[in-house]
Amino acid sequence: MQGYDLLWYKSFGGQGYQTPDMTKILQSENTDYHMNTVVIPVGATVDSSSLTTINFDPNGTNDTYSDAVYTTLVNQARAAKEMPFLNWCFTGQEQYLIPGQARLANHGMETLDRL
């Protein structure tokens, strides 16, 4: 089993997960690089040091896409013969998710499996 991380937050700019070439990109990963799994980060913004302020609003300026975008991406990955995995990822500016333990610096991406 081989896989890759398909990381694209809205804050990166461009069309991201909604690019018309996404199907080609996924198919290329499978055929050219023999990848059969893809990790799709689901971004959320941490506005403060409290876990109660995680922002999953896809209509806001944070890094979350709408459910429809993630659903389409999952279906595209399956069509490309890849097994999609969704991974919650949090972005923020010098924030502590758990004081003194998990620090997010410079819009760094920390995932639940790394905390």
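Throughout, read-outs are computed from the coordinates displayed, never taken from laboratory work. What you see is a predicted model, and the numbers here were worked out from it, not measured in a lab. Cβ sites come from the backbone with ideal geometry, for glycine too, and all protein chains shown count toward neighbours.
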query = Using a simple spin-label model with points 7 Å from Cα along the Cα→Cβ vector, what separation in nm is obtained for TRP88 and THR19?
reply = 2.8
request  = Grab the Cα-Cα distance for TYR4 and THR71, subtract it from 0.36 nm times how many residues apart they are, and report the gain in nm with one decimal.
outcome  = 22.3 nm
